[in-house]
Amino acid sequence: MHKLYQVIASKLQAIRNCEESGNTEWHARHTDDLKALVKDHMPSGSGIDSGTTFDFSCSTPNKLIFDTAYHHMNDGGYYNGWTDHQIIVTPDLASGFDLRITGRDRNDIKYYLGEVFYHALNSVPVEQAF
């Protein structure tokens, strides 16, 4: 069973192979599969109210980049602004992968985002057809 980050990296490698060979049919299939994986398994809600998207143009099979934003609340429970973030995933031989989170660390949000994304990327997608 492969973890989500491994499945996403494999799908991206398949997409790049299709680009090199000109295989538009399988390129579209792999792209749709990768988008579905992100939509179904990456964080959305609980402050990550705009969900998570995959950056196809800047990602490589050895560097996955996800875009997200966090919707902050004040002490009264009212929303009071957003922070934009990129989640950058790179290989780590000892632990599988490293996470780097860009953007402003308002209210120590990077720690929370790190935890949420770490658990999502380490999950095993139910759809093993991917």
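Overview of values
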quantity	calculated
Residue list for region 91-122, restricted to those being small (G, A, S), at pLDDT 95 or above and within 18 Å of S10 (Cα to Cα)	A120
Pairs where the first residue, in region 74-85, is on the phi < 0 side of the Ramachandran plot and among the acidic types (D, E) and the second is exposed (fewer than 12 other Cβ atoms within 10 Å of the Cβ) and assigned to a strand (DSSP E or B), C-beta under 6 Å, 6+ apart	none
Residue match in region 118-130 (condition: surrounded by 15 or more Cβ atoms within 10 Å (Cβ to Cβ), over 11 Å from the mean Cα position of the chain (by Cα) and over 30 Å from A28 (Cβ atoms))	no
Breaking point among (1) at pLDDT 95 or above; (2) closer than 14 Å to Y5 by Cβ; (3) surrounded by 12 or more Cβ atoms within 10 Å (Cβ to Cβ); (4) not hydroxyl-bearing (S, T, Y), for Q86	(2)
Scope region 93-103; condition farther than 16 Å from H119 by Cβ and loosely packed, with under 12 Cβ neighbours inside 10 Å; matching residues	L93, A94
Residue that is nearest to V38 (Cα to Cα) [pool: residues in region 105-114 that are of a type in the set (D, E, K, R) and surrounded by 12 or more Cβ atoms within 10 Å (Cβ to Cβ)]	K110
Subset tally (residues that are under 21 Å from G114 (Cα atoms) and of a type in the set (S, T, N, Q)) for region 1-44	2
Residue in region 14-31 that is touching a His at 6+ places or on another chain (Cβ under 8 Å) and charged (D, E, K, R) present	yes
In region 39-83, the residues that are under 16 Å from K3 (Cα atoms), out of contact with any Pro (no Cβ under 9 Å at 6 or more places or on another chain) and surrounded by 18 or more Cβ atoms within 10 Å (Cβ to Cβ)	M42, P43, L64
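The values are calculated or read from the model by the stated rules, or taken from the named source; none is laboratory data. These figures come from a predicted structure and were not determined experimentally. Because the Cβ atoms are built from the backbone with ideal geometry, glycine has one as well, and the counts that use them run over all protein chains shown.
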